[in-house]
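Okay, so here's the structure we're looking at.
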Amino acid sequence: MSNIILSTESGADIPKELAVKHNIQIVPMHIIMDNQDYLDGSIPVEDIYDFYERTKKIPSTSSTNSQEYHDFFTKIQETNPDCTIVHIGYTSKASSSFQNAVIASEEFDNLILIDALNVTGGLTAIVMHAVTLLEQDPTIEPSKLVEKIKAIIPKSRLAFVPGSLEFLRAGGRVSNMAYLGGALLRIKPRIELINGNLVSNKKYRGKMIRVAEKLMRDYLQKYNIDRKQLYLIYSIGLDEEIKQHMEELAIKHGFQQIIWMQAGAMISTHSGPGGFGIAGLEV
């Protein structure tokens, strides 16, 4: 049996129960507030929103550094002798984390790095696809597994609408924020991952429940998503009624398994409270 360990960053927002169940190793990214450096996952997401309310500034974020990656991979290796580590990384187009992993990888012979060109639910969809491949073929060779993972990367589709455009604007991660125009605080932009970059490509208006409906409608019209599984992402502050309504719509569209994911501190720092997103794999 192949001894393959999967790993990724905290910016994947993989639900803890899934990470534990499938032994997915998570390395934290960083949140900086009040000149203090916090590991993603070590503080409540609400602290980020409280910080903004107090200072009118969003926290800054930083990638996992090369020494942290070295320690992370070393610990996996020590716990799982003779394993091969397949690290499925946060998009290199929005963070230096992947390049730092590349630097750390020079000291490891049993480590394979994959740039997923995605974040949050889009990254989770790729990691969980790798989990499925391992379950279907426990003896798969690492090289074959990596080939199949890389083949699915262009088919992972993530789209979301932020709850607060102030966070999105201040974060500066969307490549074409000027597209949003002058009515910045009265619209909800659809943000997608395109070739690893966060891009705004449509504007919505109205209450969040209708915006979320439009997002799902447009997403499913644009992409032929595998009905076996759908990932729904929310940031703290999204109304429970909206969550229930969106799950009902997903069921009506024939999705067999719906996994809810809460945006962690890293993602919430850029998207703000009350956001909603969808991720899945094209067939």
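Every number in this text was worked out from the coordinates using simple rules, so none of it is lab data. All values reported here derive from a predicted model rather than from experimental measurement. Note that each Cβ is placed from the backbone with ideal geometry, even for glycine, and that neighbours are counted across all protein chains shown.
Brief remarks follow.
- Structural descriptor for the chain: relative contact order 22 percent, calculated from alpha carbon pairs under 8 angstrom and at least 6 residues apart.
- Loop-located chymotrypsin sites (Phe, Trp or Tyr not before Pro) across the stretch 229-259 with a Cβ neighbour count of 11 or fewer within 10 Å are lacking, with loop assigned by DSSP.
- The listed peptides 30-42, 122-134, 209-221, ordered by packing as a protection proxy, come out as 122-134, 209-221, 30-42 (highest mean of other Cβ atoms within 10 Å first).
- Cross-link reach list, aspartates and glutamates versus LYS207, counting only Cα pairs under 12 Å and skipping chain neighbours closer than eight places: ASP239
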